[in-house]
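In what follows, a single structure is set out as structure tokens and then discussed.
Every number here is computed from the coordinates shown, using simple stated rules; none is lab data. Only a predicted model underlies this, so the values are computations on that prediction, with no experimental measurement involved. Cβ placement follows ideal geometry from the backbone for every residue including glycine, while neighbour counts extend to all protein chains displayed.
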Amino acid sequence: DKGNHRHFMEKEIHEQPEVISHTLAHYLDFGAGVSKPLDLPFDFAKLDRLSISACGTAYLSGVIGKYWFERLARLPVDIDIASEFRYREMPIVKNSAAFFVSQSGETADTLASLRYCRKAGVPIGAVVNVRESTIARESDVILPTLAGPEIGVASTKAFTCQLSVLASLAVRAGVARGTISPEREKVLVRELSEAPRYANQVLKLDQQIEKLARELSSYKHVLYLGRDTNYPLAMEGALKLKEISYIHAEGYAAGELKHGPIALIDENMPVIVIAPHDRIFEKTVSNMQEVAARGGKVILITDKKGAEQASLQTMETIVLPDMPEIITPIVYALPIQMLAYYTAVFMGTDVDQPRNLAKSVTVE
Ligand code: M6R
């Protein structure tokens with residue numbers, strides 16, 4: 001049931017504040033300001049390496065997870081596209097664990113990667129939305145996303161719930177490994193608990209984003225740029241756009257611009273830059289200037305501070321509230337989903353059932 005929404009995707013985008021909150025509450029004790037103990041088949045403190053594999057949007061949540069585990073818990077992470085992982089004959093590292101991220105829990109390549117690790121005796125965690133799925137069943141521990149059923153083929157709420165799980169686990173790992181003090185844990189838990197509130201605020205930008213989408217729908221190519229966790233988010237923005245609007249889109253690490261894609265820049269290819277005001281904001285600003293200097297049109301998704309300091313002529317600037325760094329990937333996922341959604345609606349595509357795509361990819 002779509003309720004009063006036009007599409008399941010729209011409904012699922014709007015459900016995010018609630019399901020993110022449920023998911024976080026499963027892993028974090030907001031009142032006590034701590035991450036909850038988990039019954040894991042391994043000890044985070046003793047791990048030398050964590051490997052994550054998944055496909056599509058779930059893979060991109062894993063890339064963001066890598067940044068978190070490495071930064072917060074000083075735990076090295078390998079992240080792989082499952083269809084590559086299953087055949088690349090990766091040597092198994094002692095004292096490692098493997099996570100598999102999947103909304104459906106039935107993705108063939110992800111399952112095959114899981115079985116590869118199972119055979120090698122690696123402890124396995126499944127970050128899944130469907131608890132009765134094959135991937136859940138074949139894992140040692142189920143790390144559920146509490147997104148509820150996701151019907152739209154384009155993954156939205158499952159993605160932000162995957163991020164919520166991975167961020168919570170990274171905090172847990174940091175505490176176990178002694179890289180996060182109890183005081184810092186308290187702060188991080190509070191910051192994470194604020195994600196739903198910010199997500200709610202971002203949903204109110206729908207009119208501005210809808211207007212922008214009308215303009216965007218007349219272009220054939222779009223480039224998405226970001227640094228740090230905004231780089232995988234740029235790839236996710238591009239994936240959403242191509243899946244449902246069929247506009248050709250690429251997501252790039254902003255620093256890679258001058259290593260090739262800058263050759264494509266002209267007035268016919270808008271460049272969407274995801275850049276909250278963070279440590280490396282200035283670096284991204286110089287990338288935007290490179291785009292502008294070549295006649296490119298910039299769409300900037302940033303916060304108040306970023307909008308003030310970018311001092312750049314943009315095609316549009318979407319201003320999100322200032323928020324703690326740890327929750328930016330979760331909250332910034334919303335405007336890129338909304339932009340893809342409204343663009344597809346303008347183009348009249350089948351938003352919930354885009355051509356050639358299946359919700360669950362159970363064959364290679
Ligand atoms: O069910 P899974 O999370 O394993 O599915 C993985 C991908 O097939 C999925 O994320 C796909 O990329 C979505 N259509 C993205 O919107």
Hey, how many Å between the Cα centroid of the range 185-253 and the Cα centroid of the range 56-106? 22 Å
Residue among ALA147, ALA176, ALA249 with the largest mean-square fluctuation in a Gaussian network model of the chain, springs linking Cα atoms under 10 Å: ALA176
Using alpha-carbon positions, the gyration tensor of the range 265-347 gives root eigenvalues a ≥ b ≥ c; with a/c under 1.5 called rounded, otherwise prolate if a/b exceeds b/c, else oblate, the class is oblate
If the only charges are +1 at each Lys and Arg Cβ and -1 at each Asp and Glu Cβ, what is the size of the charge dipole of the range 157-292 around the Cα centre, to the nearest 20 debye? 460 debye
Please report the orientation-averaged projected area of the range 161-222, defined via the convex hull of its C-alpha atoms, in nm². 6.2 nm²
Shape of the range 116-184 from its Cα gyration tensor (a ≥ b ≥ c, root eigenvalues): rounded if a/c is under 1.5, otherwise prolate when a/b > b/c, or oblate? oblate
Just to be sure I understand the model, the point goes 7 Å from the Cα along the line to the Cβ. What's the resulting GLU325 to ASN356 distance in nm? 3.9 nm
Expected unfolding gain across GLU191-LYS283 under the 0.36 nm per residue rule, minus the alpha-carbon gap, is 30.6 nm
Looking at the square roots a ≥ b ≥ c of the eigenvalues of the Cα gyration tensor of the range 173-265, which shape do they give, rounded for a/c under 1.5, prolate if a/b is larger than b/c, or oblate? oblate
Taking neighbour Cβ counts within 10 Å as the exposure measure, how do SER102, SER139 sort from fewest upward? SER139, SER102
Farthest toward the dipole's positive end in the chain, which of THR145, ILE124, GLY3, given Cβ charges of +1 (Lys, Arg) and -1 (Asp, Glu) about the Cα centre? ILE124
Would you mind telling me the antiparallel percentage of the DSSP bridges in the chain, rounded to 5? 5 percent
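Relative contact order for the chain using alpha-carbon pairs under 8 Å, separation at least 6, rounded to a whole percent?
Reported relative contact order: 20 percent.
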Just subtract the alpha-carbon distance of ASP78 and ASP29 from 0.36 nm times their residue separation and send over the number in nm, one decimal. 14.8 nm
If we sort 37-48, 1-12, 120-131 on the protection proxy, mean other Cβ atoms within 10 Å, highest first, what's the order? 120-131, 1-12, 37-48
Compute the separation of the alpha-carbon centres of the range 127-144 and the range 297-320 and state it in Å as a whole number. 40 Å
